[in-house]
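The values are calculated or read from the model by the stated rules, or taken from the named source; none is laboratory data. This one's a predicted model, so the numbers in the text were calculated from it and none came from an experiment. Here the Cβ is made from the backbone with ideal geometry for all residues, glycine too, and neighbour counts use every protein chain on show.
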Amino acid sequence: MNGGYRALLAVGLVVAIASCSTAVEVPPEQGQVTDPAAAVANANLPTGTVVSVGDGDTLRMDYQGQSVTVRFACIDAPETSQTPWGPAATERLRQLIPRGSTIQFREADTDRYGRMVAEVYVGGQNMNLQMVREGHAVVYTQFLRSCPETEDLLLEAEAQASQQRLNFWNQPNPVMPWDYRRSNRSSATPESAAA
């Protein structure tokens with residue numbers, strides 16, 4: 001058998017073995033993100049330690065000895081009074097990022113309340129994207145420009161969650177969180193609005 005024939009036979013054997021093998025998919029642990037495109041954090045991002053989760057898109061962290069409130073960039077979770085969707089979003093974020101977790105963050109802005117607006121990562125995975133993917137938050141299109149690296153992923157995740165009717169999307173006429181807030185502000189009486 002000459003060398004050229006052996007090489008051709010070896011290549012054919014490798015191709016045959018590769019085409020016969022099947023990939024075994026291991027189910028992810030709860031909270032684990034399996035989309036490699038979602039892993040956009042890097043070692044250069046600053047880190048903090050989660051002190052508490054306020055709702056489905058807000059947490060407090062200890063950063064360099066200071067307590068900092070972080071509003072998740074580019075997403076909006078249902079308000080806690082939007083039952084059952086708001087409390088479910090809060091609980092899910094607590095599961096994904098328990099108190100004491102180390103997070104990385106990519107600061108995008110500071111909002112009108114003085115909160116840091118950021119994309120939040122755990123283990124390199126984007127938690128903003130995860131909340132949208134699971135239907136616990138929606139894309140906040142008004143502020144989407146703050147997330148240029150994940151903009152397309154967020155929009156795609158929202159479309160899939162909506163199509164699959166996951167969580168917030170599993171209702172006949174979902175009221176977007178910003179519309180819910182606006183409706184509650186406009187229906188508030190002058191006495192309660194001042195409180």
*Can you spot a residue in region 110-132 that is over 26 Å from residue 64 (Cα atoms), at pLDDT 95 or above and small (Gly, Ala, Ser)?*
no
*Does residue 116 count as more than 21 Å from residue 62 (Cα to Cα) and among the aliphatic types (A, V, I, L, M)?*
no
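Just give me the residues in region 73-93 being in a loop (DSSP other than H, G, I, E, B) and either of a type in the set (Lys, Arg) or closer than 15 Å to residue 118 by Cα (or both), in sequence order.
73, 74, 77
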*Restricting the search to region 120-169, which residues are of a type in the set (S, T, N, Q), within 21 Å of residue 42 (Cβ to Cβ) and not in a helix (DSSP H, G or I)?*
125, 126, 150
